[in-house]
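See structure below.
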Amino acid sequence: MHGTGRGEQRAFPSSAASLARARTWSMERARAARAPSEVVDTVQLAMSEAFTNALRHAPGTETITIRVVGARRELTYEVGDGAAGALPRRRAHREGLPGGHGLHILDAVTAAWGWRPQPDGGKVVWFTVRW
């Protein structure tokens, strides 16, 4: 199960204005782990999708928490929100239409991804990058 081990964590206000800061913080963690630039780019895209999904599907949540756990040539990012009712699910592929592509993008660009409920309510969507 993901979510074990030590890592760095930061909470961001649940607002669209926090998206750029969340991406930047996440990319800085990848650079600090000496990830190659293409992996940093993957983190940027994957975090954009995961954080945006939390914003869109967890209304009323005050903060979104990001945690990153590293291993040798691998980082796992966890995006936590307080909305237990809005569980992640893939939508049917809708080519050319906006929305509904986030989890398909995580499938395409990360080594692995998933989600789990949080003990105090809410959920965590996680993704792993490797190099």
Revision key, fill the gap. Sorted by chain and then number, the residues having a modelled amide H within less than 5 Å of the amide H of Ala84, at least 5 places away or on another chain, are Gly122
Point to revise | With DNA, RNA and ligands ignored, accessible area of Trp126 (1.4 Å probe; Å², nearest 10) | key: 30 Å²
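The values are calculated or read from the model by the stated rules, or taken from the named source; none is laboratory data. Just so we're clear, the structure is a prediction, and the values are computed from it rather than from any experiment. Areas reflect the complete protein model, heavy atoms only, side chains present, ligands, DNA and RNA absent. Shrake-Rupley method; radii C 1.70, N 1.55, O 1.52, S 1.80 Å.
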